[in-house]
1. Where in the range B:433-517 are there strands (runs of 3 or more DSSP E), lying fully within it, with 2 or more residues that are of a type in the set (S, T, Y) and modelled with pLDDT of 90 or more?
2. Would you say C:E190 is modelled with pLDDT under 85 and either closer than 28 Å to C:E154 by Cβ or assigned to a loop (DSSP other than H, G, I, E, B) (or both)?
3. Can you find even one residue in the range B:321-338 that is at pLDDT 90 or above, over 25 Å from B:F394 (Cα atoms), assigned to a helix (DSSP H, G or I) and more than 8 Å from every other protein chain (Cβ to nearest Cβ)?
4. Output the residue which, of all residues in the range B:429-477 that are among the small types (G, A, S) and surrounded by fewer than 18 Cβ atoms within 10 Å (Cβ to Cβ), is nearest to B:D298 (Cα to Cα).
5. Of all residues in the range B:105-122 being assigned to a helix (DSSP H, G or I) and within 11 Å of chain A (Cβ to nearest Cβ), which is farthest from the chain's Cα centre (by Cα)?
6. Of the residues B:L507, B:L485, which is without any contact (Cβ under 8 Å) to a residue 24 or more places away in the chain, crowded, with 21+ Cβ neighbours inside 10 Å and in contact with a Phe, Trp or Tyr (Cβ under 8 Å, 6 or more places away or on another chain)?
7. What do you reckon, is B:M136 free of Cβ contacts under 8 Å to residues at least 60 places away in the same chain, under 27 Å from B:K81 (Cβ atoms), assigned to a helix (DSSP H, G or I) and within 13 Å of chain A (Cβ to nearest Cβ)?
8. If we scan the range A:324-338, do we find a residue that is within 24 Å of A:I74 (Cβ to Cβ), of a type in the set (D, E, K, R), touching a residue at least 12 places away in the same chain (Cβ under 8 Å) and more than 14 Å from every other protein chain (Cβ to nearest Cβ)?
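The values are calculated or read from the model by the stated rules, or taken from the named source; none is laboratory data. What you see is a predicted model; the values in this text were computed from it and never measured. All Cβ positions, glycine included, derive from the backbone under ideal geometry; neighbour counts span all protein chains shown.
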Amino acid sequence: MKPTVTSQLKKFLIKNIVVIVFVVISILAFIASKQSLYFLMSQLLERISRNSFLVLSLLIPVMAGMGLNFSIIIGAMAGQAALIIVTNYQIAFWNGFGGIMLAMLIAVPMAAIFGILTGMLLNKTKGQEMIASMIVGFFANGIYQFIFLFAVGGLFTVRNKDLLLTSGVGLRNSITFTETLKFGLDFGGVTKVPFFNILMVVSVIIILVYLGLFFIKKKLTVKQKSGIVVSAAVLVFSALIMYTNIFPLQIRMLKSLTFPAVSGLFIALLCGFNMIIIKTKLGQDFRAVGQNQHIAAVSGINVNRVRIIAITISTILAAWGQIIFLQEIGVMNTFGSHVQIAQFSVAALLVGGATVSKATNNNAIVGVILFHTLFIVSPFAGKELFGDPQIGEFFRTFVAYGVIGLSLGLYAWKTLFTNKK
Amino acid sequence: MKNDYVLEMNGITKDYSGNVVLNNINLKVKPGEIHALLGENGAGKSTLMNILFGMPVIHSTGGFNGEVKLNGEVVNIISPKEAMGHGIGMVHQEFMLIPGFTITENIKLNREITRRNIVSSVFRSKALEFLDSEAMSKDSRKALDTLNIGIDENAYVSSLPVGYMQLVEIAREIDKRNIKLLVFDEPTAVLTESEAENLIGAMKVIAGHGIAILFITHRLDEVMMAADTVTVLRDGNLVVSKPKTETNVMEIAALMVGRELSITKTVKTEEKEADVVMSLRNLQVNMPGEAVKGVDLDIKRGEIIGIGGLAGQGKIGIANGIMGMFETDGEITINNEKLVLNNTIESYNKKLAFVSEDRKGVGLLLDSSIEDNIAITAIRVNGDFLKKFGPFSFRDDSKIRNHAESMVKELDIRCTGTKQETRRLSGGNQQKVCLARALTIEPEILLVSEPTRGVDIGAKQLILDKLRFLNKELGMTIIMTSSELAELRSICDRIVIVCEGKVEGVLKPDASDVDFGLMMSGDYKKVKVGGIA
Amino acid sequence: MNKFLKNMTSGANLPRFIISSFFLLVCVMAVIVKIPFTTLMSDTLVRFAMNGVLVLAMVPSIQSGLGPNFALPIGIIAGLVGSVVSFEFGIAGFGGLWLAIAISIPLALIFGYLYGQMLNKVKGSELIVSTYTGFSIVSLMSIGWILMPLKHPEMTWPLGKGLRNIILLDNSFGKMLNDFFSWKYVRVAETGNLITFFNRTDKYISDLYPNNAAVVEFTIPTGLLIFFFLFCFVVFLFNRSKLGMEMRAAGDNPKFALASGINVDKMRVLGATLSTVIASIGIVVFSQSYGYLQLYQAPLFMAFPAIAAILIGGASTQKAKIFHVIIGTFLFQGLLTMSLPVANKLIVEGNLSEVLRMIIQNGVILYALTKVGGQE
């Protein structure tokens, strides 16, 4: 029997309830904010290119059953330390691209060591991974502050004296990367290209790949077919925006939106990595451990090792994510930039429809879009609705914390419920 | 040199800190043979298997004596992984399957077939190789076909009926190419009758491929159906090992149970003609692992009634259900009044008291003092040991102390004082504290479960004497649940044997070993009615 | 003796051992670098007593089996609401203090009850869920502070909406407990004489000696200490009551409690409610001593130092005694108070003491988490 349309619709609604709720809230908040679509889009694209990589770094621990990895803040600290080192030696070849690459390279061993240590700790706190990963983040932050406030300049010498406080010990509160590393990943902004051009290229690639598949396998799944249709639509729409004037001004303005192409490429590569890793033996181990540690152990999988690997990968990716994030902003708040990174990334992932036990690339990307739309417009909405932008700001913090709390609570409730059965 | 036996275990002896659990056991299994291993709980079956699989628990307790030979060669297996390497496989009682994985993924769990790729070649890492799902599906299909299972190898395990899950486990074992010996640990415990028949069919198919099977079970009819050879263990000793054709159900049943009673039996002279103090009607208790599935029973005033049976059959669940510890259904009448179910405090109000089978998990507050442990339930249930100040009531330290001291004396609890934490006490003394706590409520009916498990012989005698005393002198009705049949036979007026969640029968303590054995294995009705011996 | 030493340095007692050693070390260093010891001890005493009640709120939470109350901000919010409402009435002195507490308690009862009900639905994940519940409530209440229809000019912004971030309590119930029956030893700058004042406010002294002509060298905050110890005694009595014993049994071993006819879920709700109520009173006590009410994001991380304090005292996530509160709060607050000037003497720049607090606080909590259940 074929499922009816209504029952299918119901299923779809239930499955995507979180996303739907946030789409509605975002749209309402956007309307209330009285901001232009162009403003929203330009802000949003910036934030997508900055934040997506960090959010995507959360996926593997979820797969390995370790829940939401609040300890990515430790990876972020490794990233910042790497950037500080690169800035110290003022390495900035290829318009800063070389410097960023070097920072990413330096970050790897640091993040790997931190990741292994974190993983070992989380193996000692099984069942309480999330609270432990949060507290270990706070703890590491204390050590980070100790190093960069009291040890640097004293125990470690610093070549670039501009980094230091006037006393000669400890780093300044904010470090600017202008002219050296800012936008280094996109060669100082050289590869920042019109957004709709990127869309066109991407949709052409998707169409070609699927067509190629069709010629090899002689058939396509529904998903692949709809992929072709959607890509074609995007292609046409983008072309119309770029090369014609048929749309109203509000939409025509979008033509000048830009997107950093190399950052985008990095995000796409990470999405690809997340997809490919599932298909490897390691990915299978992640899944097995994630589903049932006991059975995985009985079949000879070294559960603790697999968990450490998962956290280590996540930590390294978070370090890169933080480097991408900071080089786009161009300024690092030495003791503040990383603090909220875990909360916001986790919140974004959950808004995108992920749960404690299941998270996909789509969840991450959709989540970043929705969460940051809300982030951009809510102060304006607060001002328009209540005459106070602060209300909007508090609202978005509430959303960030609330969605995490609610998601964790519902998951715990569900687990308890199924265990009782 | 070709060897006759795939597995030989010679002169296996094992003790846990002086307590001998296996005594000079010899076991020989031929290729292609289905070898049934029988015994009550605690007979030594699981220890023997732990030795075979090189479980850490064996090595951490000083190893064992004797030798294990595989295909005639002496081996020293020190880990389950090594056992696997030698071609020994296990089909677990509780399924070792991941529900969110497909059948193929489960069959190939941690034995995945992989293909190399650029990255994996560069890093020389098997972990980074791609899964070859086609090859894996093919293998699983072959294993499933061997067992004549028609299900799709790419179906999710969570969507399978229970009976198939067992078969998937077997498929996983036979997919291991070198498999020589397969151990089935109570495989039919969770299966329906037809599923069990399927399974036995599958076992015969496997044996037909030359793989030896060790079949651990308590169901004698299945033994008769499947096995070629039967070995019976009792109290760590080998009782018998012979071809099935040379024995019958009655003999095996008697061999499993029969033993010299270690505790002197009191002679029960007169038949008690008393009224019914408690009756159970269609009692169902949803206790994991010990489910009760419809028990009818009348308990007479002033009797000691024993509840026996094998582990997992539901005997433990009855007392827990009466006390409202697990979700319960049915009807319980006490002194002609209906008991409100699933409400522990109601059970106490009906003058019941309970000594749990799980002494450390349920019976004690391990970090609290002896006196607090003894007093707390009475404080909760009867409001004893309290001083009132207006609307508030506080604990009365001296009353609690005095009572605890008298209990310590009465039950001979060996301790440094009533303030000692119960965690520091020996098993026997802990059990006495549990008993003291129950008696402090001054019950009419006492439910005791496994009162002598893990208790030294001196304390055992004292506890049993105390129960007898309570029954005789104070007229207390006692419902005693125990895995030790001998113990039940030594003090009970009647013994109820529970099998598969139901009452299999009620016996006098002096009934024959054969009857006890048949009832415990659930074959009593079949044998007596159908006569399939 | 050897066994005693081993016991003091293992398990839940290890943090106490380490922090005590550290505390002693800092004391010695304070003497070496010649920091006036008396003032430090005086500050330690005040901070010990003002934080104590908040730490005490952890006791029922841990004893009922919920683990440390990471959602302490819920109770804090209740206490702050009581405080601002009391402030609105403009009652100065003890009247204002009692009114604040009187309004806080029913609010905390309701919040705590609901919070407890929620915790029963998320058994096994109490810690992380309660952390985020606390965070959410604080950020939601931040909107509440803006929209709250209160008008007192000392509490609201002269322009714009809502309550101020920091509300000065000088004209309300600030320092009421601290100054009650207090002894203050005052050094007169000119003569170098030490003068003792009993039951006098700081304002009284500064009016008497204007232009910092005299410095308070040592304060015994009698009222504050009495209040804190009185509260400890109340919790102690509760532990000895029928209900208290049942609640502790439920926390110790839920299965045992069930077998004794104790309703474990009810006891957990009781623990959450009591903890929330104590926290609400705790923040009132804290604020009157501090001299300010801190609204908006200030309560966000207040649970963590309180949790660290009781853990330092020797509690674990499953076991807590009043003794742990007293010793732990003293050690933790003492260390923080002492280390600040000592650190500043050693390293002029930056706030080493704050960094130290982060490392110790979170290190101690992490250590306790590795001992949770041991489920494997």
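1. In the range B:433-517, the matching strands (runs of 3 or more DSSP E) lie at B:477-481.
2. Taking the combined requirement at face value, the residue satisfies it.
3. yes
4. B:G475
5. Pass one, the range B:105-122, residues assigned to a helix (DSSP H, G or I): B:105-107, B:118-122.
Then drop every residue that is not within 11 Å of chain A (Cβ to nearest Cβ), which leaves B:105-107, B:119-120.
Details: B:E105: 31, B:N106: 27, B:I107: 28, B:V119: 50, B:S120: 47 Å.
Ranking the candidates gives B:V119 first.
6. Criteria check complete, one pass: B:L507.
7. yes
8. Filtering the range A:324-338 for residues within 24 Å of A:I74 (Cβ to Cβ) gives A:324-338.
Subset that is of a type in the set (D, E, K, R): A:328.
If we keep only those that are touching a residue at least 12 places away in the same chain (Cβ under 8 Å) as well, we get A:328.
Restricting the remaining residues to those that are more than 14 Å from every other protein chain (Cβ to nearest Cβ) gives A:328.
Looking through the range A:324-338, at least one residue is within 24 Å of A:I74 (Cβ to Cβ), of a type in the set (D, E, K, R), touching a residue at least 12 places away in the same chain (Cβ under 8 Å) and more than 14 Å from every other protein chain (Cβ to nearest Cβ).
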